[in-house]
Amino acid sequence: MPARRPVTHFEETSDGPWRVVGMAAITGSPLKPLDFLTVVDRTLERAPQDDDWPLRGMASYGRYVSLAERKTLEARQPMLGRPEATRAALIPIAKSATWWDLAQDERRAIFERSAHIHTGLGYLPAIARRLYQSRDLGEPFDFLTWFEYAPDDGPAFGELLSRLRDTEEWQYVVREVDIRLERTS
Ligand code: HEM
């Protein structure tokens, strides 16, 4: 039997490695507060233990990236886990039924008009990112987005978020929770 692909779990711990320093419901309902978080890959999914945590998602293939964009991204994007990147953000997002009813080319057109990749590229290599898909796992969110950055790049990250939240794409966001973290060691 082929090995099952790992499912990344964002789950509560008692002591780190990430301390939650802020949590805000930007759109829709909040999540249960927690003090510490870890990010672990598990081959076998555990049954949901709680109403909110763990949140689960899978790193997956690109749905919208062109070859040229992929090459630019690969050249500019840093790895996760850089020692200086002691701040992180976990931003779970759900999009509306209207979004999911659109055809792939319509979604890509909105993504492009919103200049998501173009805008995001301007913040690389300061921000390291990973996108996890959750929708097909029957999770409460469609995406779990994860970002790591140095403390000095916090303001730039905030600017990036407000630019994206102002776009046509974000009109389809029905739930978004912004969780900020600091590495404990
Ligand atoms: C740091 C700079 C960023 C870059 C370079 C970037 C780049 C990308 C790229 C290339 C994709 C397409 C993935 C695919 O083809 O499936 C994507 C998707 C996505 N990004 Fe970003 N992004 C950035 C920041 C952000 C931020 C700050 C957020 C907000 C929390 C965000 C939320 C998302 C979401 C939710 C998707 C999935 C969209 C969908 O499939 O409908 N991104 N991003």
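Take segment 1-43 and flag every residue that is of a type in the set (K, R) and either closer than 15 Å to S185 by Cβ or modelled with pLDDT under 95 (or both).
Across segment 1-43, the qualifying residues are R4, R5, R19, R42.
Being part of a helix (DSSP H, G or I) and either touching a residue at least 40 places away in the same chain (Cβ under 8 Å) or buried (at least 16 other Cβ atoms within 10 Å of the Cβ) (or both), is that true of even one residue in segment 171-182?
yes
Going through segment 74-110 one residue at a time, which ones are in contact with a strand residue (DSSP E or B) (Cβ under 9 Å, 6 or more places away or on another chain) and of a type in the set (G, A, S)?
Within segment 74-110, G81, A85, A88, A89, A94, S96, A97 meet the criteria.
The values are calculated or read from the model by the stated rules, or taken from the named source; none is laboratory data. Keep in mind it's a predicted model, so treat the numbers as computed, not measured. Methodologically, a virtual Cβ is constructed for each residue, glycine included, from the backbone with ideal geometry; neighbour enumeration extends over all protein chains shown.
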